[in-house]
1. State which residue is farthest from ligand 1 (Cβ to nearest atom) when the search covers only region 147-173 and only residues that are out of contact with any Asp or Glu (no Cβ under 6 Å at 6 or more places or on another chain) and not in a loop (DSSP other than H, G, I, E, B).
2. Can we say Asp196 is of a type in the set (Asp, Glu) and either open to solvent by 40 Å² or more (accessible area, probe 1.4 Å) or within 23 Å of Gly67 (Cβ to Cβ) (or both)?
3. Could you grab the pairs with beta carbons closer than 9 Å, sequence gap of 6+ or different chains, first residue in region 248-259 and at positive phi, second one open to solvent by 40 Å² or more (accessible area, probe 1.4 Å) and of a type outside the set (Gly, Ala, Ser)?
4. Exactly one of these conditions fails for Ser66: (1) within 16 Å of ligand 1 (Cβ to nearest atom); (2) without any contact (Cβ under 8 Å) to a residue 12 or more places away in the chain; (3) within 19 Å of Val177 (Cβ to Cβ). Give me its number.
5. Give me the pairs: first residue in region 150-167 and more than 15 Å from Gly263 (Cβ to Cβ) and among the small types (Gly, Ala, Ser), second residue more than 7 Å from ligand 2 (Cβ to nearest atom) and open to solvent by 10 Å² or more (accessible area, probe 1.4 Å), beta-carbon distance under 9 Å, and six or more apart or on different chains, which are they?
6. Out of all the residues in region 1-33, which are of a type in the set (A, V, I, L, M), more than 25 Å from Arg135 (Cβ to Cβ) and surrounded by 15 or more Cβ atoms within 10 Å (Cβ to Cβ)?
7. Being closer than 16 Å to Leu170 by Cα, touching a residue at least 24 places away in the same chain (Cβ under 8 Å) and assigned to a strand (DSSP E or B): is that true of Leu75 here?
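The values are calculated or read from the model by the stated rules, or taken from the named source; none is laboratory data. Predicted model only: the values in this text are computed from it and were never measured. All Cβ positions, glycine included, derive from the backbone under ideal geometry; neighbour counts span all protein chains shown. Remember, those area values only see protein heavy atoms, side chains included, never the ligands or the DNA or RNA. Shrake-Rupley method; radii C 1.70, N 1.55, O 1.52, S 1.80 Å.
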Amino acid sequence: MLRLPTQFTYYRPTTVEEAVKIAADHGPDSMYVAGGTDLYPNMKRRQQQPKHVISLSAIGVLRERSGDAKSGYTLGAMTTLAEIEHDAALAETHRAVVDAATSISTPLLRNMGTIGGNLLLDTRCNYYDQNYEWRESINFCMKCDGDTCWVAPSSPRCWAVQSSDSVPVLTAMGAEVTLVGPEGERRIPASDLYHDDGIQFTNKKRGEILTKVHLPATNGWRASYRKLRRRDSFDFPVLGIGACLWFDGDTVTRAEIRIGGAGSYAIPATKTVEMITGQKLTKGNAATDELLRAASQEAFKPTRAMDNTDHEASWRKKMAPIFVRRAIEDCL
Ligand SMILES: Cc1cc2nc3c(=O)[nH]c(=O)nc-3n(C[C@H](O)[C@H](O)[C@H](O)COP(=O)(O)OP(=O)(O)OC[C@H]3O[C@@H](n4cnc5c(N)ncnc54)[C@H](O)[C@@H]3O)c2cc1C
Ligand code: SF4
């Protein structure tokens, strides 16, 4: 059985300000914990070893939810995945967000896991998500305790994989996040939160708490999330396609498609988006079928998927156009 390290101090502040202060007092030795479904397994594997663990669970304001379809919804970062899964109003208007949350792990873990924790989920890799002894036997790797990347040994960077289900869809639909830290509060597009590096995969500043997730109002867009994984009962995505299309009638006026599980951030499918923007797309129409076939073939090209997740990269590459096309068709 893997056990938590015996030596760490656990804090349970009741305000955001108090939590930020505790983090500032302890610097890099501290980490926040929300549901703990990512952090605690990482601590048990000694991938992350904070000496000061600051729980966000007693901060009531982080659980608040507000808004409606017209103005958009604001979800406190401690909103659990289960609460999103069972939110009937949200399912009416932001179905893709509910689908993504519902696809995460298992019902038990969704009762604990939060949307904030999901947005900040650690990147994953077959050489990293192992216990200490396994990692020690290969002399560790660059992401934790070592120097070499075993996926690409000559690479100066880490290629660990963005594996959160909510990230592709939230970045595609233009959701925003609020962060509060020692330097104050800022609200940024969720897409600006991420950085293409397996180690420094977010632009979150030290000590910042993600406090809110802002979902856009429903104003002419439709979105979808499609996930590829080994077991449909539960598994991390090896491909997570978030698509959002804005329409004027049947004409696509704007589109955003993000490919998760294929790099260290949710990668924009730029060429695919270019090909469908300005086009009239009608389900079942031969010209639409032809365009979507060609456009979805382009989606995986900007990614650098490697053999460091479940399933071979070559197979995931073949599956990508199918899933991208399905995600676009969901929006029609
Ligand atoms: C068996 C298993 C299967 C899983 N399957 C999936 C899956 O299919 N898809 C998927 O996306 N995830 C999966 N997960 C990962 C995890 O359960 C979810 O990503 C969950 O949403 C994480 O949320 P949490 O609140 O538990 O995060 P935590 O573990 O509490 O935190 C995760 C990280 O975010 C930081 N953090 C959390 N909240 C905040 C905040 N508000 N402000 C600042 N920092 C914060 C923590 O410091 C930590 O670094 C799985 C986990 C397990 C154990
Ligand atoms: S991509 Fe390389 S450095 Fe990053 S976790 Fe995997 S083996 Fe380690």
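1. Here the residue is Thr171.
2. Yes.
3. Gly249/Lys280
4. (1)
5. Correct list of pairs: Ser166/Ile104; Ser166/Asn118; Ser166/Leu121; Ser166/Tyr225.
6. At the first step, the residues of region 1-33 found to be of a type in the set (A, V, I, L, M) are 1-2, 4, 16, 19-20, 22-24, 31, 33.
Those left that are additionally more than 25 Å from Arg135 (Cβ to Cβ): 16, 19-20, 22-24.
Across region 1-33, the qualifying residues are Val16, Ala19, Val20, Ile22, Ala23.
7. When the stated conditions are applied, Leu75 passes them.
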